[in-house]
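A quick write-up on the structure given underneath.
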Amino acid sequence: MKPKQYCAGFMLFAFMALSSGCGGLVSTVPPLNKKISGSERDFAAALHYLRNGNEAVARDLLGRVVEESATTGVTDEALFRLALLTLRDEDGRGERRATELFDTLLSKYPKSIWSRQAAPLVSYVKENIALRARTRELRNLKTQNLSLGRDNKELRQSLERLKNLDLELEQKIRR
């Protein structure tokens, strides 16, 4: 294949891959005459690491994109993807952090497609947080109920002992 044919074939392949939604990069590919910003470069690298299964590095890069100056089409998607990655963090902290990220996405980019996708997720995550809180509260109430049951049993036993002592005292007085 001649160099010009190879280049044209590659460009056609790249265009087809990007236009078909391969990797979600359509919205982040800059025009050929535009310089790529640091956040766009970090975002592209984060997507690469996500595809390769390296979520830790991808999370760091997405965090960097979110903290840099806002770039529509990049920062909104980075917020969405970072929120999704954060959901799996332990102890329910991930859900709270993801909710914060989703809320930031919804407030800063209300017309973004990522905001529309985040809206039902936010309500689901918030309901899940509330459910966990209710479950913890229920466990605490069960523990308190068991403790009160034990205390009640001890009080009944003490009352029975007092009744027996009172009966014995009455019998001794009668004699």
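Since every read-out is calculated from the coordinates, none of them should be taken as a lab result. None of the values given here were measured: they were computed from a predicted structure. Positions of Cβ are generated from backbone atoms using ideal geometry, with glycine treated the same way; all protein chains shown enter the neighbour counts.
Kirkwood hydrodynamic radius computed over the range 36-137 comes to 13.9 Å, based on all pairs of distinct alpha carbons.
Backbone geometry of the range 116-129 corresponds, through the Karplus equation with coefficients 6.51, -1.76 and 1.60 at θ = phi - 60°, to 3J(HN,Hα) couplings of 5, 6, 6, 3, x, 5, 4, 5, 5, 5, 5, 5, 5, 4 Hz, x marking Gly and Pro. Structural descriptor for the range 45-135: relative contact order 20 percent, calculated from alpha carbon pairs under 8 angstrom and at least 6 residues apart. The length gained by stretching the chain between R156 and K111 to full extension, at 0.36 nm per residue less their Cα-Cα distance, is 9.6 nm. Working ranking of peptides 38-45, 141-148, 115-122 by packing, defined as the average number of other Cβ atoms within 10 Å per residue, highest first, is 38-45, 115-122, 141-148.
Couplings for the range 79-88, taken from phi via the Karplus curve 6.51 cos²θ - 1.76 cosθ + 1.60 with θ = phi - 60°, read 4, 4, 5, 5, 4, 5, 5, 6, 3, 7 Hz in order; Gly and Pro are left as x. Ranking of R81, R150 by neighbouring Cβ atoms within 10 Å, starting from the fewest: R150, R81.
Within the straight-line cut-off of under 19 Å between alpha carbons, the aspartates and glutamates reachable from K108 are E40, E67, E68, D76, E77, E100, sequence neighbours fewer than 8 places apart in one chain being disregarded.
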